[in-house]
Amino acid sequence: MARLKANMLSENKYSIKCPYEMVPEYVTVHNTANDASAANEVAYMISNNNEVSFHYAVDDKEIVQGVPENRNTWNAGDGNGPGNRKSISVEICYSKSGGDRFIQAEKNAAEFVARILKQHGWGIDRVKKHQDWNGKYCPHRTLDMGWDRFLNMVKSHMDGNTQPSVPQTPSKPSGSTPTNQTVHAYYRVRTQKHGWLPEVTDLSDYAGWEDSSITDVAIRVSDGSVKYRVHTGGRWLPYVTGCNINDDQNGYAGIHTPIDAIEVYYYTPDSIRPYKRAKYRVAPVGASYYPYQYDNEIGNGQDGYAGDLKNKIGKFQLCIE
């Protein structure tokens, strides 16, 4: 199972790489035509000033995200068409030379695309190749080996033959009937005045202290997994998937400075249906709660995060529903 990591584009490059908010409707598959790893592909993409971008790169070992799914990418060569403006772009690595690394990267990509489809409730018809948008022969090696073959790989994962390629706690054995079981969220925060506060479960209370700014957040769930990040000092920090207040690399989100927004995204495991979402809200220090947000959804009153990117947060609540 490929691990999922994030190396996110700086917001000061949004105007170049992903200038538009997006509600995705498709997944577009590419081959990199290169022999670099996913980490190197993403690092190069976010470091240059070319109007070329993508959401994810997949290699034989991991999946690396570079752009949020609620922003567009310049990946499909169709201008302001649906490839660029309405699709989640996935680059499969090591396609220049092919071989075992590419074969495994393609398998990982098929599993990951299936996860995206299941998360959005989409069918296989939402999977597009770069060629569909502007005629370019891409994903070149995948096309050479057979596009229907790749789609069949995706379908096999959608049918439940394997687990989604995201970090998660163990779920029920493959082949069991999905259930609508309750998923609990456990979370705690650190504040400027009080340090780490006790863990809160679901909406039984709130995490925080009204007269002190939240500086760090740690989140875990009873089933499935979450990724989360915080906004502080005028920028979004990288996504976190762990929950360990003693691990300042991937155990919590924050850098000990006041937070003014938070984003949480829940991944539903195969053992649970229907799909669930993170429901969360924040309140600025000394003020009332803002409306609940769901995952990173935008539109219809949703901002994709909780907070206003300017006022320090004093309270945080989260549940999975």
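The values are calculated or read from the model by the stated rules, or taken from the named source; none is laboratory data. Please read all numbers here as calculations on a predicted model, not as lab measurements. Cβ placement follows ideal geometry from the backbone for every residue including glycine, while neighbour counts extend to all protein chains displayed. Heads up: the accessible areas ignore ligands, DNA and RNA and are worked out on the full protein's heavy atoms, side chains in. Shrake-Rupley method; radii C 1.70, N 1.55, O 1.52, S 1.80 Å.
Here are some notes:
- With distances taken between every two different alpha-carbon atoms, segment 1-130 has a Kirkwood hydrodynamic radius of 14.4 Å.
- Derived scalar couplings between HN and Hα for segment 19-35 equal x, 10, 5, 9, 10, x, 10, 9, 10, 10, 9, 10, 10, 6, 6, 8, 10 Hz in order, rounded to whole Hz, by the Karplus curve 6.51 cos²θ - 1.76 cosθ + 1.60 (θ = phi - 60°), x for Gly and Pro.
- Three semi-axes of the equivalent ellipsoid, the chain, Cα gyration tensor, whole Å, largest first: 34, 22, 17
- Across the protein chains, with a 1.4 Å probe defining accessible surface, the residues Ser225, Ser204, Ser10 rank Ser204, Ser10, Ser225 from largest area downward.
- Heavy atoms of Glu69 accessible to a 1.4 Å probe, total area in Å² rounded to 10: 20
- Area accessible to solvent at Cys243, 1.4 Å probe radius, in Å²: 50
- Angle between the chain longest axis and helix 147-158 axis [Cα atoms, degrees, rounded to 10]: 30
- Environment charge at Gly135 (Cβ cut-off 15 Å; Lys +1, Arg +1, Asp -1, Glu -1): +1
- Dipole magnitude for the chain: computed about the Cα centre from +1 point charges on Lys and Arg Cβ and -1 point charges on Asp and Glu Cβ, it is near 100 debye.
- Rounded to the nearest 20, the size of the Cβ-charge dipole of segment 1-74 about its Cα centre is 160 debye, with Lys and Arg at +1 and Asp and Glu at -1.
- Histogrammed with a bin width of 5 Å, the alpha carbon distances of segment 182-245 distribute as 4, 18, 24, 26, 20, 7, 2, 0 percent, first bin at zero.
- Calculated from backbone phi, Karplus (6.51, -1.76, 1.60) coupling profile of segment 275-281 in Hz, x at Gly/Pro: 4, 10, 10, 7, 10, 8, 8
- For Phe316, the shell of other residues with beta-carbons less than 10 Å away shows a net charge of +3, using +1 for Lys and Arg and -1 for Asp and Glu.
- Prolate/oblate/rounded call for segment 79-162, Cα gyration tensor, a/c under 1.5 rounded: oblate
- Amide hydrogen neighbours beyond the local backbone of Lys315, cut-off 5 Å, H modeled: Ala283
- Amide proton proximity set for Gly251, modelled H, under 5 Å, gap of 5+: Asn244
- Area accessible to solvent at Asp223, 1.4 Å probe radius, in Å²: 10
- Using a cutoff of 8 angstrom between alpha carbon atoms and counting only pairs six or more residues apart, the relative contact order for the chain works out to 15 percent.
- Solvent exposure ordering (accessible area, 1.4 Å, most first) of Asp211, Asp144, Asp308: Asp144, Asp211, Asp308
- Distance violations [Cα-Cα > 31 Å] among Lys118/Lys312; Lys193/Lys279; Lys5/Lys118; Lys227/Lys310: Lys118/Lys312
- Here the Karplus relation 6.51 cos²θ - 1.76 cosθ + 1.60, evaluated at θ = phi - 60°, turns the backbone of segment 309-316 into coupling constants of 6, 8, 9, 5, 8, x, 9, 9 Hz, with x for every Gly and Pro.
- The chain: antiparallel DSSP beta bridges as a percent of all, rounded to 5: 70
- Amide H contacts of Ile63 (H built 1.01 Å from N, under 5 Å, at least 5 apart or other chain): Arg3, Leu4, Lys5
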